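The values are calculated or read from the model by the stated rules, or taken from the named source; none is laboratory data. Just so it is clear, the structure is predicted and the values come from calculations on it, not from any experiment. Backbone-built Cβ (ideal geometry, glycine too); neighbour counts: all protein chains shown. Just so you know, the surface numbers come from the protein's heavy atoms only, side chains and all, with ligands and any DNA or RNA stripped out. Shrake-Rupley method; radii C 1.70, N 1.55, O 1.52, S 1.80 Å.
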Amino acid sequence: FKRIPLSGQSKDELEVMGESFNRMIGRLERNHDQQQQFLSDASHELKTPITVIESYSSLLKRWGMKDAAIQEEAVEAIHHEAIRMKQLTEHLLQAASQSGPSADMEEEIELISFCEQMAQTFRRTGKRDIKLQSEDKEIYAMTIPHKLEQVLVILLDNAMKYSDADIQVVIKRQMDEIFISVKDRGPGISPEHLPHVFERFYRVDSSRARKTGGNGLGLSIARSLVESFDGKLGIQSKVGEGTVVTIILSHQILI
Ligand code: ADP
């Protein structure tokens with residue numbers, strides 16, 4: 001960090017300094033506004049499950065002791081909202097940890113076995129099969145493994161949430177880039193919503209997302225995680241056909 005003496009500058013130099021100072025202030029203001037927005041969105045998102053839990057627990061307190069139907073409905077709703085809140089707070093913590101500098105080191109990993117291990121963990125939940133596909137036997141890449149794992153969890157979770165059919169993970173190498181695509185045959189996302197799905201708290205259909213447990217944070221977290229190891233995250237989707245979310249890694253090591 002170089003200190004600039006604040007005297008002896010020419011008029012032009014002072015103007016340049018003034019401009020960069022204004023840019024810096026602008027950036028700080030934007031950061032501050034984004035943080036304020038994030039805080040108010042997050043509080044808003046937490047308010048809904050808390051309200052549901054509060055009203056169902058009151059219902060339970062008043063009439064639940066005598067009425068088995070109310071007991072069942074209330075316990076179900078409270079349980080569902082508690083799970084949503086747990087996921088939301090986990091996502092908020094992940095999002096907050098993305099905003100600071102990262103001390104994680106990139107390392108070389110073999111992607112096909114890495115994805116296969118993740119697919120196996122998901123298969124064990126017994127909900128759905130995940131089919132892995134690659135023309136290569138091994139693909140090596142530089143990445144931050146635990147962050148890549150978080151990204152894949154988000155993408156596989158979404159694919160399971162929004163579709164009933166089996167999920168495909170395609171890993172391929174092209175020129176000096178590596179593509180890991182998570183494909184589902186769910187309802188797809190219409191073109192007017194597609195450009196916004198990486199925005200924090202954006203949900204295409206909030207009533208459906210409430211049922212599936214979504215909070216609109218997954219893809220925005222996934223994108224900043226991928227960017228932290230210099231990758232990119234893209235999405236393609238067709239209504240009625242399905243969605244493909246692709247991680248693009250550029251630091252490939254050829255062996
Ligand atoms: P959420 O927690 O709501 O799933 P995301 O940021 O992961 O949040 O996704 C934002 C929105 O994009 C979702 O609410 C959903 O409407 C849509 N979306 C994401 N992934 C898919 C998918 N695989 N199929 C259909 N819609 C999806």
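Observations, loosely collected:
- Failed condition for residue 177, given (1) within 24 Å of residue 118 (Cα to Cα); (2) over 16 Å from the mean Cα position of the chain (by Cα); (3) within 7 Å of the ligand (Cβ to nearest atom): (3)
- The set of residues in the range 64-88 that are surrounded by 14 or more Cβ atoms within 10 Å (Cβ to Cβ) and under 16 Å from residue 42 (Cα atoms) comprises 81, 84, 85, 87, 88.
- Picking from residues in the range 233-252 that are in contact with an Asp or Glu (Cβ under 6 Å, 6 or more places away or on another chain) and part of a strand (DSSP E or B), the one that is surrounded by the most Cβ atoms within 10 Å (Cβ to Cβ) is 243.
- Residue check for residue 108: at pLDDT 90 or above, open to solvent by 50 Å² or more (accessible area, probe 1.4 Å) and not in a helix (DSSP H, G or I): yes
- Residues of the range 135-164 satisfying the condition of being acidic (Asp, Glu), over 12 Å from residue 225 (Cα atoms), open to solvent by 50 Å² or more (accessible area, probe 1.4 Å) and away from the ligand (no atom under 11 Å from the Cβ): 135, 138, 164
- Check on residue 163, under 15 Å from residue 119 (Cα atoms), small (Gly, Ala, Ser) and touching a residue at least 60 places away in the same chain (Cβ under 8 Å): no
- Consider the range 180-194 and keep the residues that are part of a strand (DSSP E or B) and open to solvent by less than 60 Å² (accessible area, probe 1.4 Å). The one that is farthest from the ligand (Cβ to nearest atom) is 180.
- Residue within the range 94-105 that is within 28 Å of residue 216 (Cα to Cα), away from the ligand (no atom under 16 Å from the Cβ), more than 19 Å from the chain's Cα centre (by Cα) and not in a helix (DSSP H, G or I) present: yes
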